[in-house]
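The values are calculated or read from the model by the stated rules, or taken from the named source; none is laboratory data. Keep in mind that this is a model prediction, so the values were computed, not measured. Here the Cβ positions follow ideal geometry from the backbone for every residue, glycine too, while neighbour counts run over all protein chains shown.
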Amino acid sequence: MLIPLLFLAAGVIIGGWYGVAYWIYTMQHVYTDDARIKGAMVSISPEVSGLVRKVHVDEGSFVSKAMVLVEIDQEDYLGQLAQAEASLEGVRTQLLEAQRDLELQVLRNEGEVA
């Protein structure tokens, strides 16, 4: 009967010692994991996707409307723009050829009718 009481007493003493040590530790250290502050948090997303070249703000910084937050690498977009301009020029050439073909066909039809 004495041995179980000794184990119980030892457990209470050890548990109490750890509890007091933990309480003293928490009184001397600040935890911010669950800290809350009032503030407006909004989600942001870029208008275009791409590789970020430079970040102008730090996490938690105050930002305002129309403020540049990051710079996105333009090389992909400049390449796509050049490709689109070349494609546009090709379509314009096709349009001119189609208009000439139409005019030629109209003249042929007028010649057949007359």
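For the reader, a short list of remarks on this structure follows.
- When M27 is tested against (1) assigned to a loop (DSSP other than H, G, I, E, B); (2) at pLDDT below 90, only condition (1) is not met.
- Unique match (being under 38 Å from the mean Cα position of the chain (by Cα) and hydrophobic (A, V, I, L, M, F, W, C)) among V57, V12, V20: V57
- Residue check, Q74 surrounded by 10 or more Cβ atoms within 10 Å (Cβ to Cβ) and at pLDDT 90 or above: no
- For the stretch 65-104, filtered to residues that are touching a His at 6+ places or on another chain (Cβ under 9 Å) and part of a loop (DSSP other than H, G, I, E, B), the residue that is nearest to I44 (Cα to Cα) is L69.
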